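*Asks:* Before we start, here is the structure in question, set down as structure tokens.
The values are calculated or read from the model by the stated rules, or taken from the named source; none is laboratory data. Since we're looking at a predicted model, the values are computed, not measured. FYI the Cβ positions are ideal-geometry reconstructions off the backbone, even for glycines, and counts take in every protein chain you see.
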């Protein structure tokens, strides 16, 4: 288990390289991509079982010098904040392969390579302990995602792919500036743990915080930096949407927890009211936008803006319930939204439509599909017994501890999310079957069921037994909050005196 | 936590719902009836105590609190579920419908045995989302729309409850479902959540809106569980909250007044649910032992006779396909048994002596007198008279007697009659032997319903109401003959009253009923449209605008790269001179 994290990163990468050199038919490519990603998933499960929940220290740490003249290392490790996100990544990747089994017919090999490279980069981002290494992985994610949207996407794919690329790149540049500033201010090191807990000057904290904020807020995405997301989702193939909504958005939340809070705690504390307000705006605004949509993918994309608002709200209320709820909510959102995009993809495979108005009367021809859709819809708006209820409940408790009015406004978001999801559930179950569909709708086949069943299981596993999942993150969250809790708010006058 | 085994009755219902899709044919009916029987046995076997305590997010979830109050509501819910399933037996192949009803009842039982507010919230949500299917499964446009409004209203109530529970948890560190003082935003929100479910005006529009659109069997279930679960929650959480006395009395009158206008038989009955729940809410507000006993007993009796009335109305709708008073009439010839059973329900709700309503409602009235609430007592008496007028006289008159509609149908299927018969038997049984019900009540009962004073007083009011109905009957006739006679003023007076009811009051009702439309839904939709324009023009417009400006300038700048050496040389010279000049000048 000593090299587990390296293997998690390099196994899909090596697989991608080998796939590139081997000539085989598409069937063979699909099976090997599936095999690799499942193997990676099993390995990550082994890591979870070997994980010690009693400590907040990084575990499975590996350190190798990379560029010694700049103190850059290849350093990886996991703690309670990152381990569930790693697992989410390794879980969703085989599901993406399954979702593309028949949906992707051209350049299958290249597509699978892109997915595997993506997986390596995403895991790398979550486990990196060196800031430069983190940044490399962070940027590396953009390329396969750009290709997945731009090559295998819908009719308007070039516009969406470029928008996605430029938008996130703009955030990344600010992140790079922040990393370099911290390198000089923090004693010429890129070691993430050494950069935490230092007392940076107020000015440094101020600028680094806002650079972090913009970089991560674009990724999450927070209102008003969210417009790349709906466009990207609409054009991306199902697998792209699953990765995008399921994992990529979590990078922003992870960034706040890993870098923003522990490295610039004073600034985080000072500006948390602004971020909390923006989060609540995102919750309500995203929900209202979801109500206006006629395209299912856009609807779920805007609902992601709303749900991720709960995540940022939970992070910036800065108490243990809020933060634990936020981390759990990231995992929940990955599971549920991943499943919803998977389901939309399955519907699109059959009807070549994603319009809300066509999603009518599907319960008769596709009972299993409809049952699953109802399950995930309920999970999406936080029905008790499902995973999102636990996450949203914890975030709300944390929010009410911090600020009554903001929490009350966020609670209203719950009604709206039930509103837009139920609108679809109602017509899907009770509407008349659309006559324009020439072919009769077939229910899910075995492959499609295999892809979705782990997600259903997790919805209820987390919803009914939240304890074990929360205990994984407990020690790390408490340690994180102790780091922030010791900080005093910044004074505005400190910030305004430039060096 | 009490030692010993406790099979939660709700678990029986949930398991039954999970099993149901796998059971086919005749066996399904047997299974459906076996589930409430099993749950009933489980409840009878349970001794008082606290069972099923689970740690959940640092709080305790108490799923099985068995005491006199929870047992009383458990018994009646299970009993009503049994009657309801008998009533629905003739419907073949409606798995979804039966499963929804099972989960709905299970949710109600879950609330009843909950010992903490988080469990109450969870099971209320279960109730909400299963009950909406009893409406939606009617599968017509009206029921789809009504079901949606129903769910929105209850989501509002649910969110109030959730918010209140969370605030309560943050402020007191406890979520125990015990009598709660209304002294802060948390308890107020919890109370509002319960009041929505209890259909207290102005939060009541969902009830009269949705119940008439439900399926025939669905309406029978709906009439029994949601509002009575809320009454249970009020008894448990907010006994003696004074505001409830007035709210309850207003409710009692409100339901009766709006029933005046109704032509739809199930909507008329639905308004009377509001009125009857008003008695219970008022009693909870009084908070004395007699009042709380009265509220519990009245809930028990009400579930049976209201179920019976909805079953009767449902039988008529099932057989004739019509639901308007004006389209029905003269059915006494073809449906005499239905008429008889319906009338037992009618007498019960009107609180005739020897029927169940009498022994429970008089407790509430006595409690009002005991607490010296004369105005409240008067309001409740007035509501009583109105109840008899509408459910006991007007509805049966227009459906079963009155102008013959010419409809000739047979009695409903036997199972429907059996279900109604069972409910009717219980109504009469409780009326004749009230001690059986009193023995189940949460507090010791020292109360005798059958005193000369009470019986005579009640009969007087009921008979005067009947007399009034006969006199007014002429005016209620759809086509009154116009004759100028000495009774002109009298007629005009009655007409004036009717006009008042038909116009301003009807308008007020429409306003209230449509409030969610004018205040919530329409503005929401407008806001959504406006925000969508804002999103595309401003937020996304800024991004795309920046991109297209860059794009456009990039194309223009490209021309500078002309490829001619002279141009580059000129540019260099100009650049260097500008630099030098600025260096010298500044």
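*Asks:* Could you tell me which numbered condition residue B:149 fails, if it satisfies all but one of (1) farther than 25 Å from residue B:302 by Cα; (2) more than 13 Å from the chain's Cα centre (by Cα); (3) within 13 Å of another protein chain (Cβ to nearest Cβ)?
*Replies:* (2)
*Asks:* Turning to a different aspect of this structure: Output the residues belonging to segment A:415-432 that are facing chain B (nearest Cβ under 7 Å), surrounded by fewer than 24 Cβ atoms within 10 Å (Cβ to Cβ) and under 23 Å from the mean Cα position of the chain (by Cα).
*Replies:* Across segment A:415-432, there are no qualifying residues.
*Asks:* For segment B:304-323, name all the residues that are surrounded by fewer than 24 Cβ atoms within 10 Å (Cβ to Cβ) and in contact (Cβ under 8 Å) with a residue 60 or more places away in the chain.
*Replies:* Within segment B:304-323, the first condition is being surrounded by fewer than 24 Cβ atoms within 10 Å (Cβ to Cβ), and the residues that meet it are B:317-323.
Across segment B:304-323, the qualifying residues are B:317, B:318, B:319, B:320, B:322, B:323.
*Asks:* Taking residue A:106 and the conditions (1) closer than 25 Å to residue A:238 by Cα; (2) assigned to a helix (DSSP H, G or I); (3) more than 24 Å from the chain's Cα centre (by Cα), which numbered condition does it fall short on, given that it satisfies the others?
*Replies:* With respect to (1) closer than 25 Å to residue A:238 by Cα; (2) assigned to a helix (DSSP H, G or I); (3) more than 24 Å from the chain's Cα centre (by Cα), residue A:106 is out only on (2).
*Asks:* Here are B:486, B:451: which of them is modelled with pLDDT under 85 and farther than 25 Å from residue B:389 by Cα?
*Replies:* Result of the check over B:486, B:451: B:486.
*Asks:* Right, something else. Identify the single condition in (1) within 14 Å of chain B (Cβ to nearest Cβ); (2) modelled with pLDDT of 90 or more; (3) surrounded by 24 or more Cβ atoms within 10 Å (Cβ to Cβ) that residue A:214 does not satisfy, given that it satisfies every other one.
*Replies:* With respect to (1) within 14 Å of chain B (Cβ to nearest Cβ); (2) modelled with pLDDT of 90 or more; (3) surrounded by 24 or more Cβ atoms within 10 Å (Cβ to Cβ), residue A:214 is out only on (3).
*Asks:* Of all helices (runs of 4 or more DSSP H) completely enclosed by segment B:33-140, which ones contain at least 1 residues that are within 14 Å of another protein chain (Cβ to nearest Cβ)?
*Replies:* B:95-113, B:117-136
*Asks:* Output the residues belonging to segment B:1-32 that are in a loop (DSSP other than H, G, I, E, B) and closer than 15 Å to residue B:94 by Cα.
*Replies:* B:23, B:24, B:25
*Asks:* So residue A:378 ticks every box in (1) more than 9 Å from chain B (Cβ to nearest Cβ); (2) over 16 Å from residue A:470 (Cα atoms); (3) modelled with pLDDT of 90 or more but one. Which box is left unticked?
*Replies:* For residue A:378, the exception is condition (1).
*Asks:* Inside segment A:387-406, can you point out the residues that are more than 23 Å from the chain's Cα centre (by Cα) and either facing chain B (nearest Cβ under 8 Å) or in a helix (DSSP H, G or I) (or both)?
*Replies:* A:400, A:401, A:402, A:404, A:405, A:406
*Asks:* Run residue A:29 past the list (1) at pLDDT 90 or above; (2) assigned to a helix (DSSP H, G or I) and report the number of the one that doesn't hold.
*Replies:* Going through (1) at pLDDT 90 or above; (2) assigned to a helix (DSSP H, G or I) one by one, residue A:29 breaks only (1).
*Asks:* Is it true that some residue in segment B:41-49 is closer than 30 Å to residue B:136 by Cα and under 28 Å from the mean Cα position of the chain (by Cα)?
*Replies:* No; the residues of segment B:41-49 include none that is closer than 30 Å to residue B:136 by Cα and under 28 Å from the mean Cα position of the chain (by Cα).
*Asks:* Please give the number of the condition residue B:381 fails out of (1) farther than 26 Å from residue B:86 by Cα; (2) under 26 Å from the mean Cα position of the chain (by Cα); (3) buried (at least 20 other Cβ atoms within 10 Å of the Cβ).
*Replies:* Status for residue B:381: all satisfied but (3).
*Asks:* Taking residue A:99 as the residue in question, decide whether it is under 17 Å from residue A:41 (Cβ atoms), buried (at least 22 other Cβ atoms within 10 Å of the Cβ) and touching a residue at least 24 places away in the same chain (Cβ under 8 Å). Lay out the reasoning, then the answer.
*Replies:* Working: under 17 Å from residue A:41 (Cβ atoms): yes; buried (at least 22 other Cβ atoms within 10 Å of the Cβ): yes; touching a residue at least 24 places away in the same chain (Cβ under 8 Å): yes.
So residue A:99 fits the description; yes.
*Asks:* In the set B:100, B:142, which member is more than 24 Å from residue B:81 (Cα to Cα) and touching a residue at least 24 places away in the same chain (Cβ under 8 Å)?
*Replies:* B:142
*Asks:* Could you tell me which numbered condition residue A:220 fails, if it satisfies all but one of (1) within 22 Å of residue A:80 (Cβ to Cβ); (2) within 14 Å of chain B (Cβ to nearest Cβ)?
*Replies:* So the condition that residue A:220 fails would be (2).
*Asks:* Right, something else. For segment A:449-482, which positions are away from chain B (no Cβ under 14 Å) and more than 28 Å from residue A:346 (Cα to Cα)?
*Replies:* Across segment A:449-482, the qualifying residues are A:472, A:475, A:476, A:479, A:480, A:481, A:482.
*Asks:* Still on this structure, I have one more. What are the residues in segment A:151-180 that are within 13 Å of chain B (Cβ to nearest Cβ) and not in a helix (DSSP H, G or I), if any?
*Replies:* Result: A:156, single match.
*Asks:* Please give the number of the condition residue A:201 fails out of (1) surrounded by fewer than 20 Cβ atoms within 10 Å (Cβ to Cβ); (2) within 14 Å of another protein chain (Cβ to nearest Cβ).
*Replies:* With (1) surrounded by fewer than 20 Cβ atoms within 10 Å (Cβ to Cβ); (2) within 14 Å of another protein chain (Cβ to nearest Cβ) applied to residue A:201, the lone miss is (2).
*Asks:* List the helices (runs of 4 or more DSSP H) inside segment A:238-291, counting only whole elements, that have at least 2 residues being within 14 Å of another protein chain (Cβ to nearest Cβ) and surrounded by 23 or more Cβ atoms within 10 Å (Cβ to Cβ).
*Replies:* On the way: elements: A:238-243, A:249-255, A:265-291.
Result: A:265-291.
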